[in-house]
Amino acid sequence: MGTSFRKPVAPSQDKRWRIVDATMRRYGNQSHALIEVLHMVQESFGYLDKDSVRYVAMSLRVPLSQAFGVATFYHYFTLKPPGKHTCVVCTGTACYIKGAGKLLADVENHFGIKPGETTSDGNVSLLTARCLGACGLAPAVVFDGQVAGKQNSAEMVERLGRWEQ
């Protein structure tokens, strides 16, 4: 005689949870779908909050510690809401040699944020990527999905400054 499993209730009535639920069903609500489902939550909501990770863990019947372990281990996942705008600085070898470290230091000095942080007004999130695959454009930066090559600190700070307003 097995115990019955009651499907957890989604964290909110938001219709995006239907997409997440469909993804879980597609994988048979099996634990091996954990990463794929977390990707869908992040794609749908922009980040993973505690309630969403808890819901996915309960739905897939994986320990909460395992779900949070996956969410914090993989660089792709974020547990904080993103800013209105995102700036991704490539830190691959070519970009780093050509000044990515200085770009990051200058953004920190000017805006007071480090990689992985968002300005207090919620306008700008600063992220890094290990490689954008745009080595010929080093140092490369992605501003709201648009790649900009051969960046220097003055250009970058000026562009980010426009997002502050």
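Taken together, the values in this text are just the output of simple stated rules run on the coordinates, not laboratory data. Given the structure is predicted, the values throughout are model-derived calculations rather than measurements. A quick note on method: Cβ atoms are made from the backbone with ideal geometry, for glycine too, and the neighbour counts reach across all protein chains shown.
What percent does the relative contact order of the chain come to when contacts are Cα pairs within less than 8 Å and at least six residues apart? Write out the running numbers ahead of the final one.
Values: 238 pairs, mean separation 29.2, N = 165.
So the answer I get is 18 percent.
Assuming R0 = 35 Å, what is the FRET efficiency of HIS32 and ALA154, from their Cβ-Cβ distance, to the nearest 0.05? Numbers along the way, then the final one.
On the way: r = 48 Å, r/R0 = 1.38.
It comes out at approximately 0.15.
Calculate the spin-label point distance for TYR76 paired with GLU43, positioning each point 7 Å from the Cα along the beta-carbon direction, and give it in nanometres.
If labels sit at GLU43 and TYR76, their model points lie 0.9 nm apart.
Please work through the chain and write down the cysteines that have no neighbouring cysteine Cβ at a distance under 4.7 Å.
CYS87, CYS131, CYS135
Under a crude label model (7 Å from the Cα following the beta-carbon direction), how far is HIS110 from VAL9 in nanometres?
So the label points at HIS110 and VAL9 sit 4.8 nm apart.
Check cross-link reach from LYS15 to the aspartates and glutamates: straight Cα distance under 14 Å, and skip same-chain residues fewer than eight apart.
Cα-Cα hits under 14 Å: GLU43.
How large is the helix-only mean residue ellipticity at 222 nm for the chain, computed as the sum of -39500 (n - 2.57) over DSSP H runs with n ≥ 4, divided by its residue count, in deg cm²/dmol to the nearest 500? Intermediate values should be presented prior to the final figure.
Numbers: 7 runs with 73 residues, N = 165.
That comes out to -13000 deg cm²/dmol.
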